[in-house]
Amino acid sequence: IQDKNALHLYSVNGKYLGSETLKEEVSDMCVTGEYIVMGSLQGFLSIRDLYSLSLSISPLAMRLPIHCISVTKEYSHILVGLEDGKLIIVGVGKPAEV
């Protein structure tokens, strides 16, 4: 099967709302506000809109498989744990705010 990775969106009541085929294999994800933050085994950090599932920005290449993702409670930074044990901190927002 060529398109084996997909993200499906359902309502709280179980109504199917849509889906998006993914090129990468998702290793971790978290929902924050109106966004889905996802990390892949191919080393890409993606941010998608929760309702349309479309990419909000182009994926960021981390060059190593991502094992875990967390977002700070102020939504100011994304913490990315990589396969080699490194912790990458990605600032969210405009460069002046970061």
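The values are calculated or read from the model by the stated rules, or taken from the named source; none is laboratory data. Note that the coordinates shown come from a computational prediction; the quantities given were computed from them, not determined experimentally. Neighbour counts are summed over all protein chains in view; Cβ atoms, including those assigned to glycine, are modelled from backbone coordinates with ideal geometry. Surface areas here come from the heavy atoms of the whole protein model, side chains and all, with no ligands, DNA or RNA. Shrake-Rupley method; radii C 1.70, N 1.55, O 1.52, S 1.80 Å.
Mind giving me the nanometre distance, one decimal, between the label points for Lys4 and Glu34, set 7 Å out from Cα along Cα→Cβ?
Each label point lies 7 Å from its Cα, and together they span 3.6 nm.
How large is the charge dipole for the chain, taken about the Cα centre, if only the Cβ atoms of Lys, Arg (+1) and Asp, Glu (-1) carry charge, to the nearest 20 debye?
Details: 8 positive and 11 negative charges, 11 e Å.
Roughly 60 debye for the chain.
Just the accessible area per residue of the chain, please: how many Å² with a 1.4 Å probe?
On the way: 6720 Å² over 98 residues.
With the other protein chains kept in place, the chain gives 69 Å² per residue.
In whole percent, how big is the carbon plus sulfur part of the accessible area of the range 4-89, probe 1.4 Å, protein atoms only?
Answer for the range 4-89: carbon and sulfur cover 54 percent of the accessible area.
Give me the count of lysine pairs in the range 4-89 whose alpha carbons sit under 25 angstrom apart, restricted to pairs 8 or more positions apart or on different chains. Spell out each step's value before the answer.
On the way: Lys4/Lys15; Lys4/Lys23; Lys15/Lys23; Lys23/Lys86; Lys73/Lys86.
The number of close lysine pairs in the range 4-89 is 5.
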